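The values are calculated or read from the model by the stated rules, or taken from the named source; none is laboratory data. This structure is a prediction, so every number in the text was calculated from the model and none was measured. Because the Cβ atoms are built from the backbone with ideal geometry, glycine has one as well, and the counts that use them run over all protein chains shown. Each accessible area value is taken on the protein alone, full model and side chains, heavy atoms only, with ligands, DNA and RNA left out. Shrake-Rupley method; radii C 1.70, N 1.55, O 1.52, S 1.80 Å.
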Amino acid sequence: QVQLVETGGGLVQAGGSLRLSCKASGRTLNYYRMGWFRQAPGKEREYVASISRGGSGTYYADSVKGRFTISRDNAKNTAYLQMNSLKPEDMAIYYCAAASGYATTERTEYDYWGQGTQVTVSS
């Protein structure tokens, strides 16, 4: 098992940047494919980005492509989401998730979830 804790959320103006971190404890992170999801009020949780176990493969939702970058440092047991050029529509609770097996964009493919961190973007 692995436990995930997200940090780095906060309030930022539109056009600004934030970097989210997802620290894992328990089993080492390199066993897992990692993903980031987000959930805005009244909406379903949606896929944002994911990264392969070794970090060579990264994938993004169209809505964040070119603005967000997912990365990981397995030695630090931490995954990251660098968010640039933030827009008001990016405002949501951001969750990191870990998948033991193959996983892409579906929530059900991920086995472990963090508690989330709030990102607020003012216009």
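Some notes on this structure:
- Residues of the stretch 10-48 that are of a type in the set (A, V, I, L, M) and closer than 19 Å to residue 121 by Cα: 11, 12, 14, 18, 20, 40, 48.
- Tabulated pairs, the stretch 15-39, first loosely packed, with under 14 Cβ neighbours inside 10 Å, second of a type in the set (A, V, I, L, M) and outside any strand (DSSP E or B), C-beta under 8 angstrom, 6+ apart or interchain: 15/86; 17/86
- Top-ranked residue in the stretch 77-100 [being open to solvent by less than 30 Å² (accessible area, probe 1.4 Å) and part of a loop (DSSP other than H, G, I, E, B); ranked as farthest from residue 119 (Cα to Cα)]: 77
- Checking residue 44 against (1) over 21 Å from residue 12 (Cα atoms); (2) in a strand (DSSP E or B); (3) free of Cβ contacts under 8 Å to residues at least 40 places away in the same chain; (4) not small (Gly, Ala, Ser), the condition it does not meet: (2)
- The stretch 4-13 - residue that is of a type in the set (A, V, I, L, M, F, W, C) and open to solvent by 50 Å² or more (accessible area, probe 1.4 Å) and, of those, farthest from the chain's Cα centre (by Cα): 11
- Any hit, the stretch 61-71, residues being in a loop (DSSP other than H, G, I, E, B) and closer than 24 Å to residue 3 by Cβ: no
- Boolean, residue 56 is on the phi > 0 side of the Ramachandran plot, of a type in the set (S, T, N, Q) and part of a loop (DSSP other than H, G, I, E, B): no
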